[in-house]
Number of protein chains: 2
Amino acid sequence: MRADAQRNAEKLRAAAAELFQERGLKVPLKEIARRAGVSHGTLYNLFGTREALIDDVVAGLAADRLGAAAEHALSFEDAGKGFAYYVQRVCELQATDPAVADVVSGRFPAAECLMAICGQAQDAATRIIERARLAGAIRPDFTGEDLLLFFGTSALLARAVADTAPDAWRRQVAFLLDGVRTEAAHGPLPFAPPAPQQIPDVMSRLAGTP
Amino acid sequence: MRADAQRNAEKLRAAAAELFQERGLKVPLKEIARRAGVSHGTLYNLFGTREALIDDVVAGLAADRLGAAAEHALSFEDAGKGFAYYVQRVCELQATDPAVADVVSGRFPAAECLMAICGQAQDAATRIIERARLAGAIRPDFTGEDLLLFFGTSALLARAVADTAPDAWRRQVAFLLDGVRTEAAHGPLPFAPPAPQQIPDVMSRLAGTP
DNA sequence: GAGTAAGTTGACCCAGGGGTCAAGAAACTG
DNA sequence: CAGTTTCTTGACCCCTGGGTCAACTTACTC
């Protein structure tokens, strides 16, 4: 590979990393090229497909973060607390990084590494749930699939509220946790709900252009 | 208005009603015209904007359904049961009719009648929640805004699972209800979770082209 | 410092959706 | 039935995004 190609690939990786993190994995490729200061032809030339770029730029990072979350969750003495930590942490990652949200949601089935990560995350989730269930901390009929669906909706919510009420998703997480754990008590809710006048904005983002 | 224009408007209303119900309120207008057997120019001519068409075709229907749900919810002796009914019923409406889902989500802020309905639904929700709270059936920190956000995510989930696991959303509703009510007991979950092999499909729909 | 291989560019193609409008067709009206 | 008004049509414009490729530039090699 020629030196200038190497440089361009680097510029493209940097631009992609930025844009993926800002706006998710389906940012227009031409925009990535623009930010990298390079023709979009070059992007296609060096990476071929969006999936390859994603695998190259995002996969490792996402794997690290999700892996760390799972590991930490399993290190808790209290399996129930570990479970709660995991759910919150993954949602937090999704909220702070749209790219991670897209990874967890499996939005790009064609990106190989990414799907592998997705699978690992799912396995981790299953283990964490199983552990909490055996400890009697969560209802026995809660499954990994339930959690994944929740993550999917939570990712969308987090993105929808990001500019308006960036912590609104935390309340939904709290409802889920309270709906799933066996202990009766409701903990106090984190943060206030969005103000009524924020709702139209948030709702339209939720359903609108993702 | 000329007789043929009247006829065409009727054909367009019918086609729009069908397509809105099948695929939600952001179906391409040209497709509506195509199904009506009419040029898209005629659609623009007779209705002007998508919002006008929506107001004309969907608003009344949605208002009726949501209104009936609210009314029935308030007719329950047990305020907590009324609340649970309302949440389930609204989600059910969203699941069976993408158009209603879009109405509840406020996806089209420019459609006047529709926004009015949205406001009414919100008021109803607030009343139902307030009643349940006063009866001590739900946690006191749960608000109408929380419920609306939940409806927003639930609409997306229901649509995502529609073809694959059409009742998967019911479990998330159950988690919410259990997370929100003051009684300790978890009811049995409605339906099984989606099968693991269904998850990729569902997740990609959740995040994918809405 | 040529010659050659490698890489870059931007004009170009496509599809899909929103929207407009001059010309032609159809329905009323007297 | 002719004249007038209303309505319809489909070609046309816009835009965004994905993707390709011939012609040009640049870097490496001898």
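Structure values in brief
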| quantity | calculated |
| --- | --- |
| For the stretch B:63-210: accessible area per residue (Å², 1.4 Å) | 39 Å² |
| Threshold 40 Å², the stretch B:135-174 residues less accessible with all protein chains present than alone (1.4 Å probe) | B:R139, B:D141, B:E145, B:D146, B:L149, B:T153, B:L156, B:Q172 |
| Length-normalised contact order of the stretch A:59-207 in % [C-alpha pairs under 8 Å, at least 6 apart] | 23 percent |
| A:Q198-A:E22 pseudo-label distance in nm [points 7 Å out on the Cα-to-Cβ vector] | 2.3 nm |
| Surface accessible to a 1.4 Å probe, per residue, for the residues of the stretch B:3-57, Å² | 49 Å² |
| Shortest-first nm distances, A:P188 label point to equivalent points in other copies (7 Å, Cα→Cβ) | 3.9 |
| Surface share of carbon and sulfur [accessible, 1.4 angstrom probe, percent] for the stretch B:59-207 | 56 percent |
| Reachable lysines from B:K11, criterion Cα separation under 23 angstrom, eight or more residues apart if same chain | B:K26, B:K30 |
| Structure-based [θ]222 nm, the protein assembly as shown - -39500 (n - 2.57) summed over DSSP H runs of at least 4, per residue, nearest 500 | -22500 deg cm²/dmol |
| Dipole of the stretch B:59-207, positive end: most advanced residue of B:Y85, B:T164, B:T126 [Cβ charges, Cα centre] | B:T164 |
| Share of carbon and sulfur in the accessible heavy-atom surface of the stretch A:3-57 [1.4 Å probe, %] | 48 percent |
| Chain A: radius of gyration and largest Cα-Cα distance (Dmax), Å | 19.0, 64 |
| Exposure of A:K81 as accessible area (Å², to 10), given a probe of 1.4 Å and all protein chains | 120 Å² |
| Cα-only radius of gyration and Dmax that characterise the stretch A:51-122, units Å | 12.4, 40 |
| Label 7 Å beyond Cα on the Cβ vector: A:G41 copy-to-copy distances, nm | 3.9 |
| Summed buried accessible surface, chains A and B, 1.4 Å probe, nearest 100 Å² | 3700 Å² |
| Size of the protein assembly as shown as Cα extents on the principal axes (Å, biggest first) | 71, 56, 36 |
| Distances in nm from A:L134 to the matching label points in the other copies, shortest first (labels 7 Å along Cα to Cβ) | 5.0 |
| Helical segments meeting 24 Å axial Cα length and Kyte-Doolittle 1.0 threshold in chain A (DSSP H) | A:144-161 |
| Computed accessible area, B:F108, all protein chains, 1.4 angstrom probe, square angstrom | 20 Å² |
| Relative contact order %, the stretch B:3-57, counting alpha carbon pairs below 8 Å whose residues are six or more apart | 40 percent |
| The stretch A:86-148, Rg to Rh (Cα coordinates; Rh as Kirkwood inverse mean 1/r) | 1.02 |
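The values are calculated or read from the model by the stated rules, or taken from the named source; none is laboratory data. These numbers were taken from a predicted model, which means no experiment stands behind them. Using ideal geometry, Cβ is built from the backbone for each residue, glycine included, and neighbour counts are taken over all protein chains shown. For accessibility, only protein heavy atoms count, side chains too; no ligands or nucleic acids. Shrake-Rupley method; radii C 1.70, N 1.55, O 1.52, S 1.80 Å.
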